[in-house]
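What follows is a set of notes on a single structure, which appears directly below.
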Amino acid sequence: MQLLRTIGKSVCVLTLVANIATAAEWRQWRGDERNGVAAQSPALRASLPADGLKPVWLSESMAAGNDGGWGSPVIADGKAFVFVHSREKVGDGNLPPRKYPYLSDDKRGHLTAEQYAEYEVNRRAEDFERGKQFKYQEIVYAIDIATGKTLWKNERLSIYTRFLQSGTPAVVDGKLYILGAGRTARCLDAATGKDLWQTKIPGEFHDEFFMSSFAIVDNTAVVLAGYLVGLDIKSGEILWQGDANATKGTHSSAVTWTGPSGKPWLIVNVAGSSTAAIEPRTGKEAWRVKSEANLSTPVIVGNKCITLGNSRRAGMRCFELSETGAKELWVYNGLGDKGSSPLVLGDYVYAQGEKRLACVDLATGKAAWMAQLDLTNPQYTSLVAADGKVIYAYDGLLCFAADPSEFKSLITAKFDKSGRMASEAYFREQLKIATVEKEAGGPEKAARLMQDNVNSQGPLACSSPAIVDGRLYVRLKAGLACFDLTASGQ
């Protein structure tokens with residue numbers, strides 16, 4: 001009997017180890033396949049409880065006086081990793097009013113193109129001088145996904161960039177790769193946070209910010225740091241540098257594609273609104289095609305590549321790939337976005353852009369449906385999907401069914417300071433908004449109350465969530481939050 005108990009315990013232990021070893025992860029930008037889809041997932045809930053969902057945990061704050069950059073979380077080896085670029089005011093006193101504030105599109109009408117270009121030069125110069133009043137840090141957090149506790153931090157002084165630069169880490173074989181401010185590539189031990197190497201990528205630097213995330217293939221780490229560059233993953237040695245004009249880029253991340261010969265390639269958006277195929281180890285370009293894509297990341301499905309441009313004119317395009325070229329199959333001009341990347345589920349492409357969501361037939365490029373987003377200015381953030389459900393996290397959270405027959409919203413939620421995810425109606429009731437609105441000056445008071453407690457607490461703009469084993473990891477203003485979205489989750 002004792003022997004049976006021992007054998008039983010051993011089987012349990014072995015089963016646990018096997019489950020851990022095969023557990024799904026989200027190790028890179030847009031997941032292990034860099035396509036935004038969790039291929040394995042338990043059943044996810046299709047609605048929220050009346051009082052919403054509390055986070056399983058909410059991490060410590062990840063910013064100092066601002067939102068800490070745009071890096072998205074990745075999940076590997078029982079840890080969530082987030083790369084943050086933060087700033088903190090140095091000294092006393094307030095900064096003087098801006099002489100050259102940012103001008104939105106509707107406030108530029110009085111300026112000619114030449115005048116606006118000169119205005120932008122002056123604005124960047126003013127921002128650079130104001131930036132000297134802050135101390136900058138780069139911080140990589142490793143967080144226990146079971147508890148939300150910080151396991152280690154890697155902190156170092158950094159420098160000013162025009163927007164705070166913190167792309168998404170890539171974690172491969174126990175090593176974490178990031179591109180820091182000023183074109184400094186770094187590799188860390190993912191278990192301890194210890195620096196393994198750093199490499200200063202050549203090139204002039206003033207205030208540029210590069211949000212591209214490393215792609216690791218063929219023992220090479222490839223990233224757009226103003227231009228495409230490949231580094232040896234063991235030493236950080238620069239193996240090759242792309243032409244500064246031909247491979248110019250800042251935000252798009254490369255994806256991998258295995259050609260018919262079994263040879264790995266990198267597919268990446270580069271200069272001239274083009275998409276190119278690159279040999280990872282040598283940087284040799286096999287071909288490029290005019291895709292009208294820019295900041296977004298391509299999506300590979302089999303031998304097809306989907307790109308998304310930053311306007312409806314540029315549109316979404318589908319190409320059939322070969323090792324000698326790419327043939328355009330269709331163009332869909334229903335939407336565009338500066339940085340958001342689409343995803344493919346089954347025979348359909350789902351994409352976001354210009355306050356629109358679209359479901360497009362992968363074979364033909366014809367729209368199955370189009371829906372409007374009730375958001376002010378959604379952009380940059382990318383869709384993720386699991387269990388036949390698509391999630392978009394910007395201001396709040398939208399979950400809809402991956403159903404080509406119709407747009408079917410399942411969850412529409414906001415967040416409060418505690419990280420609770422619930423309907424707007426729930427928060428209005430909790431804050432007694434209807435009562436406040438009846439007071440003198442009530443509408444203004446109610447709007448401020450909602451703004452302070454709910455509307456300003458949502459997902460970090462431009463950061464995309466990760467979803468692993470039914471748990472959603474999303475950067476909120478208060479920190480990284482983990483939600484159990486499984487059908488049986490509380």
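No lab work stands behind these numbers, since they all come straight from the coordinates. On a predicted model such as this, the values are computed, not experimentally measured, just so you know. All Cβ positions, even for glycine, are placed from backbone atoms using ideal geometry, and neighbour counts span all protein chains on display.
List ARG471, ARG124 from most exposed to least, where exposure is judged by having the fewest other Cβ atoms within 10 Å. Don't skip to the end; give the middle numbers.
Values: ARG471 21, ARG124 14.
Lowest to highest Cβ neighbour count: ARG124, ARG471.
By per-residue mean of other Cβ atoms within 10 Å, what is the highest-first order of 174-180, 38-44? Write out the running numbers ahead of the final one.
Details: 174-180: 22.1, 38-44: 16.9.
Going by the mean number of other Cβ atoms within 10 Å, highest first, we get 174-180, 38-44.
Evaluate the relative contact order of the stretch 165-240 (contact order divided by residue number), counting alpha-carbon pairs under 8 angstrom at least 6 apart; express in whole percent. Before the final figure, lay out each step's value.
Numbers: 156 pairs, mean separation 19.2, N = 76.
Computed over the stretch 165-240, the figure is 25 percent.
For the stretch 20-159, with equal point scatterers placed on the C-alpha atoms only and solvent neglected, what are the log10 I(q)/I(0) values from the Debye formula at q = 0.10, 0.22 1/Å, to two decimals?
-0.59, -1.35
Please order GLU444, GLU424 by the number of other Cβ within 10 Å, starting at the fewest. Working shown, then result.
Details: GLU444 12, GLU424 15.
Ordered by Cβ neighbours within 10 Å, fewest first: GLU444, GLU424.
Give me the Kirkwood hydrodynamic radius of the stretch 384-490, using the inverse of the mean 1/r over all pairs of distinct Cα atoms, in Å to one decimal. Present the calculation step by step, with values, prior to reporting the outcome.
Working: mean 1/r = 0.0670 Å⁻¹.
This gives a value of 14.9 Å.
What's the whole-number percent of alpha carbon pairs in the stretch 325-401 lying beyond 14 angstrom?
Details: 1762 of 2926 pairs.
The proportion of pairs with Cα distances above 14 Å equals 60 percent.
Mind listing the Cα extents of the stretch 215-271 along all three principal axes, in Å, largest one first?
30, 26, 17
For a quick protection proxy, order the peptides 165-172, 52-59 by their average other-Cβ count within 10 Å, most packed first. Working shown, then result.
Working: 165-172: 25.5, 52-59: 20.2.
Sorting 165-172, 52-59 by mean packing, highest first, produces 165-172, 52-59.
Volume per residue, Å³, of the convex hull around the alpha-carbon atoms of the stretch 267-402? Don't jump to the answer; show the numbers that get you there.
Working: hull volume 14.7 nm³, N = 136.
Spelled out: Cα convex hull of the stretch 267-402, divided by residues, is 108 Å³.
Sorting HIS110, HIS85, HIS251 on the 10 Å Cβ count, fewest up front, what's the list? Write down the numbers at each step before the final one.
Numbers: HIS110 8, HIS85 26, HIS251 21.
So the residues, fewest neighbours to most, are HIS110, HIS251, HIS85.
Using only Cα atoms, figure out Rg for the stretch 170-246 and give it as a multiple of 2.2 N^0.38 Å. Mind dumping the intermediate values first?
On the way: Rg = 11.9 Å, N = 77, 2.2 N^0.38 = 11.5 Å.
The value comes to 1.04.
At 25 °C and a viscosity of 0.890 mPa s, what translational diffusion coefficient does Stokes-Einstein give for the stretch 73-135, taking Rh as the Kirkwood radius over Cα pairs? Give it in µm²/s as a whole number. Intermediate values should be presented prior to the final figure.
Details: Rh = 15.1 Å.
Using the Kirkwood radius from Cα pairs, D works out to 163 µm²/s.
Please work out the Cα convex hull volume for the chain and give it in Å³ per residue. Intermediate results must be reported in sequence, preceding the final value.
Working: hull volume 92.7 nm³, N = 490.
With only Cα atoms used, the chain gives 189 Å³ per residue.
What full-extension length gain, to one decimal in nm, is calculated for TRP287 and ASP218 as 0.36 nm per residue of separation minus the Cα-Cα distance? All intermediate terms of the calculation are to be shown ahead of the outcome.
On the way: separation 69, 0.36 × 69 = 24.84 nm, distance 1.92 nm.
Once the chain is fully extended between TRP287 and ASP218, it gains 22.9 nm.
Quick one: length gained pulling LYS132 to THR376 fully straight, 0.36 nm per residue minus the C-alpha distance?
Numbers: separation 244, 0.36 × 244 = 87.84 nm, distance 3.18 nm.
Separation in residues times 0.36 nm, less the Cα-Cα distance, equals 84.7 nm.
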